[in-house]
1. Residue under question is Gly62, and the condition is that it be at pLDDT 95 or above and in contact with an Asp or Glu (Cβ under 9 Å, 6 or more places away or on another chain); does it hold?
2. Collect the residues in segment 74-122 that are under 18 Å from Leu41 (Cβ atoms) and basic (Lys, Arg), keeping them in residue-number order.
3. Please tell me if Arg81 is in contact (Cβ under 8 Å) with a residue 12 or more places away in the chain and over 29 Å from Pro148 (Cα atoms).
4. Can you tell me which of Leu73, Leu118 is surrounded by fewer than 16 Cβ atoms within 10 Å (Cβ to Cβ), among the aliphatic types (A, V, I, L, M) and modelled with pLDDT of 95 or more?
5. So, in segment 44-57, how many residues would count as being under 14 Å from the mean Cα position of the chain (by Cα) and over 10 Å from Val140 (Cα atoms)?
Amino acid sequence: MADPTVLEVYRREVTPELYGEVRELYKKHSIAEDARDLDGLISTLTPDCVYELVESGHRWEGHDGARRFYTELLTAFPDIRFDLTDIVIGPQGVCEEATVSATQRAPWLGTPASGEPLEWKVVIWFPWDPAKRLFRGEKVYVSGIDLPPAA
């Protein structure tokens, strides 16, 4: 039997207005990320948001955690680029698939900088909070790059 919380999420009704709201917030988030506008990006997230690298177990919580996640990521990979390959938008949130390319210029997750160009795939889930009308963070699934386990 499915978790009752998942059933509530599954049963959310989609309306053109809600779809548009989720889509516009995702666009705002993406544009802010591309512009390296952390305040704009953080404004799309609930105060209790969670960023999670699922395979490795790394987690960052709240606005301070999200800011730390992005600061560390963008410092390690200043030229990071996400090329969207698929996307689903609905009343539950947004799920995107992208090819990521970047050069590691600083340590990340305890891994020393290689200085080499890298490419990997991600699937990122942005869960929607219907009460706060914001994203509750990101759940990131990674393929094609090794992530060290969280301590």
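1. On the way: at pLDDT 95 or above: yes; in contact with an Asp or Glu (Cβ under 9 Å, 6 or more places away or on another chain): yes.
In short, yes.
2. Across segment 74-122, the qualifying residue is only Arg81.
3. When the stated conditions are applied, Arg81 does not pass them.
4. Result of the check over Leu73, Leu118: Leu118.
5. The number of residues fulfilling the criteria is 5.
The values are calculated or read from the model by the stated rules, or taken from the named source; none is laboratory data. All of these numbers come straight from a predicted model, not from anything done at the bench. No Cβ is skipped: glycine too gets one built from the backbone with ideal geometry, and neighbour counts run over all protein chains shown.
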